[in-house]
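S.K.: There's a structure below that I have some questions on.
Values quoted throughout were computed directly from the atomic coordinates according to the rules given, and no laboratory measurement underlies them. Here the structure is a predicted model, which is why all the values come from computation and not from measurement. Every residue, glycine among them, receives a Cβ derived from its backbone with ideal geometry; neighbour counts consider all protein chains shown.
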Amino acid sequence: TALPATEPVRTTCPYCGTGCGVLGGPSPATKGDSAHPTNFGRVCAKGSALGETLGLENRLLHPIVNGERASMSDALDLVARRFYETIETHGPDSVAFYVSGQLLTEDYYVANKLMKGFIGSGNIDTNSRLCMASSVAGHKRAFGEDVVPCCYEDLDEADLVVLTGSNAAWCHPILFRRITDARQSRGTKIVTIDPRRTATAADADLFLPVNPGTDVLLFNGLFSYLARTGAVDLDYIGRSTSGFAQALERAGLDAPDIDAVAEICGVPRDDIEAFYTLFAKTQRVVTVYSQGVNQSSRGTDKVNAIINCHLATGRIGRPGMGPFSFTGQPNAMGGREVGGLANQLAAHMNFEEADLDRVRRFWNAPRLAAKAGLKAVDMFDALLEGRIKAMWVMGTNPAASLPDGNRVREALKKCEFLVVSDCVADTDTAKHADVLLPAAGWGEKDGTVTNSERRISRQRAFMPLPGETLPDWKFVAEIAQRMGFADAFDYRRPADIFREHAALSGFENRGARVFDISGLAEISDAEFESLHPVQWPVTGERRHGKQRLFGDGKYPAPDGRACFIAVAHHGPVNAADPDFPLVLNTGRLRDQWHTMTRTGEVAKLMMQAPEPVLEISAADAAAFAIADAGLAEVTSSWGRAIARVRISSAQRPGQIFLPMHWTDAMSAFGSPGRAVNPACDAVSGQPELKHTPARVRPF
Ligand code: SF4
């Protein structure tokens with residue numbers, strides 16, 4: 001594409017895992033792409049404002065070393081030398097990359113290849129750990145691989161959509177619109193399960209305001225109910241699954257009857273029964289789960305409790321049926337595909353000898369890491385403790401987004417050598433950097449992303465690279481070449497990387513892994529440029545991808561069966577107590593994205609909430625002498641946050657809510673993340689961002 005574009009360029013919205021197609025340029029205009037099979041031209045408020053975020057205010061345009069502008073070659077030489085020396089002195093596990101679901105697949109691929117393949121450490125993790133790691137772990141336990149069986153068309157074709165821990169009306173608005181359209185056209189029922197009365201809950205046919213942390217019990221109760229009422233599919237269970245009896249027995253211990261579920265979940269018995277009855281009698285059911293399920297110290301068990309109900313009824317992989325994880329970030333899925341999580345290898349391979357051997361040979365990487373690296377929260381603990389000495393943060397702001405933000409800031413201060421590559425100059429993380437590398441932004445960079453339904457779409461550039469900015473993959477390749485790995489990182493363009501990624505997915509795969517896009521391994525540059533959105537797997541025989549998976553009852557586990565997982569209800573790791581009697585929940589606003597570096601620039605998006613707002617019930621406001629529209633201080637065992645008060649009927653007594661977006665750089669009130677609980681799910685390593693014991697007082 002000649003840049004700047006003179007005609008609209010087909011690209012993908014960078015804000016959420018829906019992955020809407022948009023037309024970018026001629027700068028600054030953007031609008032929905034009516035040819036994209038995700039959104040058919042629709043965009044939400046954030047997507048429609050993309051054109052207003054393309055200015056260069058607050059952009060990082062040149063390399064900065066120790067606070068001073070530096071030449072690009074000096075900055076890159078320094079980064080390569082300091083990483084090389086640290087590895088030589090302290091070993092490969094003394095360095096780490098912390099990357100982002102905002103990266104394109106090609107950026108992610110080379111970062112993972114450098115760290116795991118050539119530095120020889122597993123220490124690359126991603127902010128997607130905060131987003132969907134519990135879904136990954138749940139899918140792997142149930143299916144044998146991290147595979148989302150559904151497609152968006154299932155939302156159009158379901159007769160019942162259950163949304164649990166998902167405020168899709170705000171966080172995936174285009175998908176929620178598809179669900180409400182289905183209600184109009186075919187009478188689809190919507191059930192929402194959430195401790196808060198969100199916009200999604202307000203629009204539901206049935207709303208179950210469960211107590212926080214009781215999802216496993218609710219779905220164990222459903223599993224038991226389905227078995228008791230003969231609604232399970234015994235033929236499917238016998239043919240395509242294992243572990244049914246043990247999982248059902250375990251579920252029955254938690255939830256012997258509806259009364260037991262109603263009491264612990266804190267929901268009227270009749271509403272629980274209405275949900276169970278509706279689920280049992282409706283064949284076409286999709287259960288959507290998102291951060292309210294994932295961001296939990298029991299997140300993986302919650303995912304498996306949901307999947308158990310779909311396996312028990314055989315409702316998976318057929319039109320209008322299945323468990324459906326909505327990813328938060330635009331390329332959380334792409335990061336999963338290339339091994340961006342510390343505990344997996346590229347192309348959905350695992351740290352197992354056969355996979356290690358395969359990747360080692362494919363990359364010609366004798367130093368390939370032999371074991372998993374540190375997950376996000378553990379990685380920053382290791383930084384604080386001095387076990388990690390050099391870190392590269394790409395396209396994310398962990399000082400603001402990780403839990404226990406005060407501890408994360410201490411860790412960043414302690415880091416002996418911190419590199420941050422970002423579009424933005426003054427994030428809470430960037431202020432601790434020894435070297436700042438100016439990264440290309442949306443509209444300037446070029447590559448692919450994968451959305452929640454496994455659809456690979458192109459993000460295309462329609463503006464020139466400003467200043468000295470470069471795409472992240474280019475920075476990684478430059479550093480790798482300076483560290484002595486020139487041959488393995490001799491990429492000229494994103495298409496080179498994509499072809500290699502696609503080839504690795506098919507390398508000695510032989511049908512063992514569903515993630516296989518080897519049908520794209522030999523596409524030309526021109527074919528990459530014009531690549532139409534396609535759902536993986538894409539193989540030589542299946543060039544146009546596949547909408548739904550597992551409809552044949554065959555799974556990528558060694559025995560070809562899906563596995564029921566016996567899960568037990570446990571409360572959150574840190575419960576409320578007399579000192580911290582309230583439960584702080586954090587989440588998104590409709591019109592903001594992450595730490596607001598882009599959406600915070602748009603006046604009309606800021607109108608929804610110009611400052612951080614604490615939502616609290618009238619009863620708690622009275623009990624703690626908090627005035628509506630006044631200021632309140634929220635304190636936890638880990639830190640404190642200040643916010644404007646809104647007394648809200650959406651909050652149940654005992655629970656409060658803060659939006660996640662604000663940073664120290666964006667608000668005099670500071671970042672809410674400083675107060676958030678760092679407990680993690682033992683299986684997935686995902687932090688419990690939805691449940692922090694806290695207290696409030698007037699400020
Ligand atoms: Fe962008 Fe998500 Fe809105 Fe679609 S729903 S326009 S991907 S923010």
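S.K.: Please state the Cα pair-distance histogram of segment 582-698 with 10 angstrom bins from zero: what percent is in each bin?
M.R.: With 10 Å bins starting at 0, P(r) equals 15, 46, 32, 8, 0.
S.K.: Could you give each residue of segment 286-297 its phi-based ³J(HN,Hα) in whole Hz, using Karplus coefficients 6.51, -1.76, 1.60 with θ = phi - 60°, and x for Gly or Pro?
M.R.: Going residue by residue, I get 10, 10, 8, 10, 9, 5, x, 8, 5, 7, 7, 6 Hz, with x marking Gly and Pro.
S.K.: Place +1 on the Cβ of every Lys and Arg and -1 on the Cβ of every Asp and Glu in segment 172-320, take the dipole about the Cα centre, and give the residue among Phe219, Val286, Ser297 whose Cα lies farthest towards its positive end.
M.R.: Val286
S.K.: Provide the percentage of antiparallel DSSP beta bridges, counting only those with both residues in the chain; round to the nearest 5.
M.R.: Values: 34 of 79 bridges.
Bridges in the chain that DSSP calls antiparallel: roughly 45 percent.
S.K.: Something else now. Using the 2.2 N^0.38 Å rule of thumb for compact globular proteins, work out how segment 366-497 stacks up: its C-alpha Rg over that value, please. Spell out each step's value before the answer.
M.R.: On the way: Rg = 16.4 Å, N = 132, 2.2 N^0.38 = 14.1 Å.
Cα-based Rg divided by the globular estimate yields 1.17.
S.K.: Using 0.36 nm per residue of separation minus the Cα-Cα distance, give me the extension gain between Lys31 and Asn350 in nm, one decimal. Intermediate results must be reported in sequence, preceding the final value.
M.R.: Values: separation 319, 0.36 × 319 = 114.84 nm, distance 4.00 nm.
Net length gain for the segment: 110.8 nm.
S.K.: With the contact rule set at Cα under 8 Å and sequence spacing of 6 or more, what percent relative contact order holds for segment 177-224? Write down the numbers at each step before the final one.
M.R.: Details: 40 pairs, mean separation 12.8, N = 48.
Across segment 177-224, relative contact order equals 27 percent.
S.K.: Relative contact order of segment 302-460: what whole-number percent is it, with Cα pairs under 8 angstrom and at least 6 residues apart? It would help to have the intermediate numbers written out before the result.
M.R.: On the way: 200 pairs, mean separation 28.2, N = 159.
In percent, rounded to a whole number, it is 18.
S.K.: Counting each DSSP H run of 4 or more residues in the chain as -39500 (n - 2.57), what helix-only mean residue ellipticity at 222 nm follows after dividing by all residues, to the nearest 500 deg cm²/dmol?
M.R.: On the way: 25 runs with 221 residues, N = 699.
Roughly -9000 deg cm²/dmol at 222 nm, from the helical runs in the chain.
S.K.: A further question follows. What fraction of the Cα pairs in segment 133-326, stated in percent, has a spacing above 22 angstrom? Walk me through the numbers before you get to the answer.
M.R.: Values: 7498 of 18721 pairs.
When all Cα pairs of segment 133-326 are counted, 40 percent exceed 22 Å.
S.K.: Ranked by Cβ crowding within 10 angstrom, fewest neighbours first, how are Phe351, Phe176 ordered? Mind showing how you got there, number by number?
M.R.: On the way: Phe351 19, Phe176 26.
Lowest count first: Phe351, Phe176.
S.K.: Sticking with the crude label model, points 7 Å out along Cα→Cβ, report the distance from Thr6 to Phe40 in nm, one decimal please.
M.R.: 3.4 nm
S.K.: Can you tell me the relative contact order of segment 153-305? Whole percent, Cα pairs under 8 Å, sequence separation 6 or more. Let's see the in-between values first.
M.R.: Values: 221 pairs, mean separation 49.0, N = 153.
Relative contact order of segment 153-305: 32 percent.
S.K.: Let me know the charge dipole size of the chain about its Cα centre in debye, to the nearest 20, where only the beta-carbon of Lys, Arg (+1) and Asp, Glu (-1) is charged.
M.R.: Numbers: 74 positive and 82 negative charges, 127 e Å.
Its charge dipole is roughly 600 debye.
S.K.: Could you give the distance between the Cα centres of segment 643-676 and segment 204-252, to the whole Å?
M.R.: Centre-to-centre distance over Cα atoms comes out at 35 Å.
S.K.: Continuing with this model, one more query. Taking neighbour counts of Cβ atoms within 10 Å as a proxy for exposure, in what order, fewest first, do Leu60, Leu589 appear?
M.R.: Details: Leu60 25, Leu589 19.
Ranked by crowding around the Cβ, least crowded first: Leu589, Leu60.
S.K.: Same structure, new question: Which ³J(HN,Hα) values in Hz, rounded to whole numbers, follow from the phi angles of segment 174-180 under the Karplus curve 6.51 cos²θ - 1.76 cosθ + 1.60, where θ = phi - 60° and Gly and Pro get x?
M.R.: 5, 6, 5, 5, 5, 5, 6
S.K.: Within the set of other residues whose C-beta is less than 9 Å from the C-beta of Ala632, count the net charge using Lys and Arg as +1 and Asp and Glu as -1. Walk me through the intermediate numbers first.
M.R.: Numbers: positive: Arg644, Arg697; negative: Glu633.
In short, +1.
S.K.: Just round it to a whole percent: the fraction of Cα-Cα distances in segment 9-53 exceeding 15 Å.
M.R.: Numbers: 274 of 990 pairs.
Summing the P(r) tail past 15 Å for segment 9-53 gives 28 percent.
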